[in-house]
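Take a look at the structure set out below.
The values are calculated or read from the model by the stated rules, or taken from the named source; none is laboratory data. Computed from a predicted structure; not experimentally measured. Counting neighbours? That spans all protein chains shown, and the Cβs are built from the backbone with ideal geometry, glycine included. With ligands, DNA and RNA removed, areas are computed over all heavy atoms of the protein, side chains included. Shrake-Rupley method; radii C 1.70, N 1.55, O 1.52, S 1.80 Å.
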Amino acid sequence: DDTPIAAAAARFNRINRTKIVLADPEIGGIRIVGLFKADDPEEFARMAAAVSGGDVERGDGTIVIKLR
């Protein structure tokens, strides 16, 4: 509900083992709207990347959202 990506990512990180990392600080200030399953950080990361014009990279226990 019109939440900054950084705040939403922090919520996901509190409850999931897989952590969302914002590689570029500008991404964190972009606002996102939508309903996401709390246990599906992957879906959130894909949508956050789409909204910010970024890409998603998966690592060992992390999902990194970065600008193109």
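Please count how many residues of region 35-57 are touching a Phe, Trp or Tyr at 6+ places or on another chain (Cβ under 8 Å) and surrounded by 12 or more Cβ atoms within 10 Å (Cβ to Cβ).
So the answer is 5.
Exactly one of (1) touching a helix residue (DSSP H, G or I) at 6+ places or on another chain (Cβ under 9 Å); (2) open to solvent by 60 Å² or more (accessible area, probe 1.4 Å) is unmet by Leu22. Its number?
Leu22 satisfies every listed condition except (2).
Can you work out which of the residues in region 14-29 that are in contact (Cβ under 8 Å) with a residue 24 or more places away in the chain and part of a helix (DSSP H, G or I) is farthest from Lys66 (Cα to Cα)?
Per the criteria, the residue is Ile15.
I need the full set of residues from region 30-53 which are touching a helix residue (DSSP H, G or I) at 6+ places or on another chain (Cβ under 7 Å), without any contact (Cβ under 8 Å) to a residue 40 or more places away in the chain and either β-branched (Val, Ile, Thr) or not in a loop (DSSP other than H, G, I, E, B) (or both), in order please.
Scanning region 30-53 gives Ile30, Ile32, Pro41, Phe44.
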